[in-house]
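I have placed the structure first, in the form of structure tokens, so that the comments after it can refer back to it.
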Amino acid sequence: MKASPRKDTVVEDGLFIDEGRGFVHVTLDRPEALNALSHPMILGLRRILREESARTILVTGAGGKAFCAGGDIKAQVNAIKGGDRKTPHAYFKDEYGLNADLYHHKGHYVSYLNGITMGGGYGVSAHGSHIVATEATQFAMPEVKIGFFPDVGAVYHLARLPHELGTYLALTGNTIGPVDLMYTGLAEAFIPLDAFDRMKAALDTNSPDDVLPSLHISPSGTSILEQNQDLIAQAFAYSNVEEILDALAGEGSAFANQAAADIRARAPISVKVALAHIRMAARDDFDTVIARDVRLSAKFLESPDFAEGVRAAIIDKDKNPRWKPASLAEVSDEIVALYLNS
């Protein structure tokens with residue numbers, strides 16, 4: 001899906017920018033880090049949103065593996081370990097500012113998910129006008145796996161999915177492919193990688209409202225979420241994690257057992273805060289949700305779980321985090337309230 005560089009192409013701060021007549025093609029260009037968002041990339045994207053309202057903004061990821069694997073959390077944890085907490089606070093504040101800018105952006109913004117799309121990668125796609133899945137799309141909000149919480153304004157959208165699908169995604173942190181992503185409604189079109197050049201050329205003279213439906217095809221495969229939608233709708237309807245686990249145990253299927261095991265493996269505080277956050281988001285407007293993300297991120301940066309989760313998943317990669325507290329039973333409603341009311 002590579003397009004030939006134009007003479008007016010520029011590269012800056014991890015962003016590869018190719019301008020056409022009717023579009024600005026922004027490539028997230030840190031393939032060695034799966035296009036994780038650096039702080040300069042965040043600031044660059046905010047600038048582009050301010051400057052572009054008439055032309056379509058098209059966003060893709062470089063390297064063939066990822067659209068964007070998330071925020072640059074490794075850099076934030078390294079800063080914390082070095083005694084610098086100012087940098088991570090500024091990073092998340094600006095990242096959430098970008099999410100808000102995108103939500104309120106008046107122009108067309110097309111995210112072409114040509115690979116791994118997780119966490120912050122969803123934040124730079126979810127709030128735009130159009131999201132396109134491909135056969136390479138692998139989507140997750142995996143923050144409960146790293147001692148954080150589903151942030152970047154994601155729960156605003158997850159809370160509005162049918163059948164408690166958003167609750168399932170938030171609490172398990174599990175990855176889904178393009179068929180399931182289309183089933184949830186989080187992506188509006190499926191356009192394969194070999195049709196990218198045609199899509200880009202069409203966007204130079206046409207609105208994405210016309211281009212995307214004309215190139216959309218149905219992805220092949222079976223939706224696991226659709227197969228289990230009734231189970232998910234029933235088990236994840238509770239506002240208490242222990243009740244959700246009891247409901248999953250009562251189902252007894254392989255899917256239910258795996259979902260319960262996944263939840264129990266996640267950071268206990270993260271899981272309980274995630275559930276409360278998504279329940280509140282169901283009745284909140286976007287600006288209220290993103291403002292709570294700012295407060296929650298400050299609280300989680302003080303918790304040992306975030307640094308420990310990133311260590312286990314990304315730095316040492318031993319996949320053996322030691323959560324504090326270690327069990328869901330140790331996370332009281334009062335502890336959750338301290339996070340939500342911080």
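Okay, here's what the table says:
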read-out: Residues located in the range 18-55, provided they are touching a residue at least 24 places away in the same chain (Cβ under 8 Å), closer than 15 Å to TYR96 by Cα and assigned to a helix (DSSP H, G or I); value: HIS39, PRO40, MET41, ILE42, LEU43, GLY44, LEU45, ARG46, LEU49
read-out: Single condition GLY63 does not satisfy, out of (1) free of Cβ contacts under 8 Å to residues at least 60 places away in the same chain; (2) more than 30 Å from GLY147 (Cβ to Cβ); (3) assigned to a loop (DSSP other than H, G, I, E, B); value: (2)
read-out: Count of the range 101-117 residues which are of a type in the set (Asp, Glu) and in a loop (DSSP other than H, G, I, E, B); value: 0
read-out: Residue that is surrounded by the most Cβ atoms within 10 Å (Cβ to Cβ) [pool: residues in the range 249-273 that are touching a helix residue (DSSP H, G or I) at 6+ places or on another chain (Cβ under 8 Å) and part of a loop (DSSP other than H, G, I, E, B)]; value: ALA267
read-out: Matching residues in the range 167-190 - criterion: being under 19 Å from VAL241 (Cβ atoms) and under 12 Å from the mean Cα position of the chain (by Cα); value: LEU169, ALA170, GLY173, ASN174
read-out: Yes/no for ALA307 being crowded, with 17+ Cβ neighbours inside 10 Å, farther than 19 Å from ALA170 by Cα and not polar (S, T, N, Q); value: yes
read-out: THR87 vs. criteria polar (S, T, N, Q), crowded, with 19+ Cβ neighbours inside 10 Å and on the phi < 0 side of the Ramachandran plot; value: no
read-out: Residue match in the range 120-140 (condition: closer than 15 Å to ILE263 by Cβ, within 14 Å of the chain's Cα centre (by Cα), assigned to a loop (DSSP other than H, G, I, E, B) and not charged (D, E, K, R)); value: no
read-out: In the range 191-223, residue nearest to VAL124 (Cα to Cα) [restricted to those that are of a type in the set (Ser, Thr, Tyr), surrounded by fewer than 17 Cβ atoms within 10 Å (Cβ to Cβ) and within 24 Å of the chain's Cα centre (by Cα)]; value: SER218
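The rows are residues; the columns are (1) in contact with a His (Cβ under 6 Å, 6 or more places away or on another chain); (2) modelled with pLDDT under 95.
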site	(1), (2)
ASP29	no, no
ARG46	no, no
LEU49	yes, no
ALA54	no, yes
GLY71	no, no
LEU98	no, no
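The values are calculated or read from the model by the stated rules, or taken from the named source; none is laboratory data. Since we're looking at a predicted model, the values are computed, not measured. Heads up, the Cβs are rebuilt from the backbone with ideal geometry, glycines too, and the neighbour counts pull from every protein chain shown.
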